[in-house]
1. Name the trypsin sites (Lys or Arg not before Pro) in region 46-87 that are in a loop by DSSP and that have at most 16 other C-beta atoms within 10 Å, would you?
2. Using the 10 angstrom Cβ neighbour count as an exposure proxy, how do 82, 34 rank, fewest first?
Amino acid sequence: MDNKENGSMDTKNPVENGQLPDPAHWVVSDVVNYFKAVGFDEQACAFQDQEIDGKSLLLMTRNDVLTGLSIKLGPALKMYEYHVKPLQTQHLKKNTW
């Protein structure tokens, strides 16, 4: 994702060196665009409504995603396990050196 003038990322090319850029730098629209890009169009608006930016996304717990966003359980589980948790893990690995 390339930085735009407003500080958001360009989701047309979301991968850098085989990995996504650090979500800690994402604005709310980047989070929304990420979830839309991975097939969660309907659920992405919940992140917009709750103003979840990248830093907030990295702090979210499983319970936050399952209950705090008012998303149906099935999609919420998939979003957390296959997207939120891996993004958090990737962030931690990049920032522990």
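1. 72
2. Lowest count first: 82, 34.
Just so you know, all these numbers are worked out from the coordinates, no wet-lab data involved. Owing to the predicted nature of the structure, the values given are computational and were not obtained by experimental measurement. Here Cβ is always computed from backbone atoms with ideal geometry, including for glycine, and neighbour counts include all displayed protein chains.
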